[in-house]
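Presented below is the structure to which this report refers.
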Amino acid sequence: MIGFINFDKKNHTCCDFFSFKATNKKITGGLMSKTERFTELIKANEGIIFKITSVYSTTDIDQKDLYQEIVTQLWTAFDRFRNESKISTWIYRVALNTAITNIRKVKKQGFKVPIDQAVLNYAEVTDPLLEERIRMLYKNIESLDELDKGIVLLYLEKRSHDEIAQIIGLSVSNIGTRLSRIRNKLKTQMTNKVSHGT
């Protein structure tokens, strides 16, 4: 059973990461238990989860809740991971599916996803002009639907079309078509904002 995650948004880390109740005996012979392996896995990839929770959350509380839910879903699916894809691909897939499912549950309440300041901080941008352009880009990404938002997030992470297709569950050609349409839409929106001085 997974315990409370104390999420440290400022440092993008989780303190006292897990308080598991032992559900399996530790494997003998120096090998790590399932809980230990899972904890190490999450610690090594928490940046992925942080980025997704930043993009798909409206408040700090929402982000903590979504982080907890993603980790819970990863734990539930952990035994089914068969190394048929990269571990980061699997984490992205579970995390995005969880985030999108969460959005659909609350959409009737007028849910709107902001691009959190933490996303900009994570990129470590130092050029003010570049930072403003990135901020404008993320503001335009907010207008995308939840699936396209996930595709763009992965694209900005420099994931290949093949990997994006695996994570999202669409064909490679479909991903290419969607990315082309999204890029054109974002380019038009940003050009219009610049020309209108907004």
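Among the trypsin sites (Lys or Arg not before Pro) within segment 139-198, which fall in a DSSP loop and have no more than 14 other Cβ atoms within 10 Å of their own Cβ?
Lys158
Largest first and to the nearest Å, give the Cα extent of segment 140-184 along each principal axis.
Here the Cα extents, ordered largest to smallest, are 25, 18, 16 Å.
At 7 Å along the Cα-to-beta-carbon direction for both Ile87 and Ser180, put a label point, then send me their distance in nm to one decimal.
3.7
Quick one: of Lys43/Lys185; Lys34/Lys158; Lys105/Lys139; Lys34/Lys149; Lys43/Lys86, which pairs are farther than 28 Å apart, Cα to Cα?
Violating the 28 Å limit, Cα to Cα: Lys43/Lys185; Lys34/Lys158; Lys34/Lys149.
No value in this document is a laboratory result; all are computed from the given coordinates. What you see is a predicted model; the values in this text were computed from it and never measured. Here the Cβ is made from the backbone with ideal geometry for all residues, glycine too, and neighbour counts use every protein chain on show.
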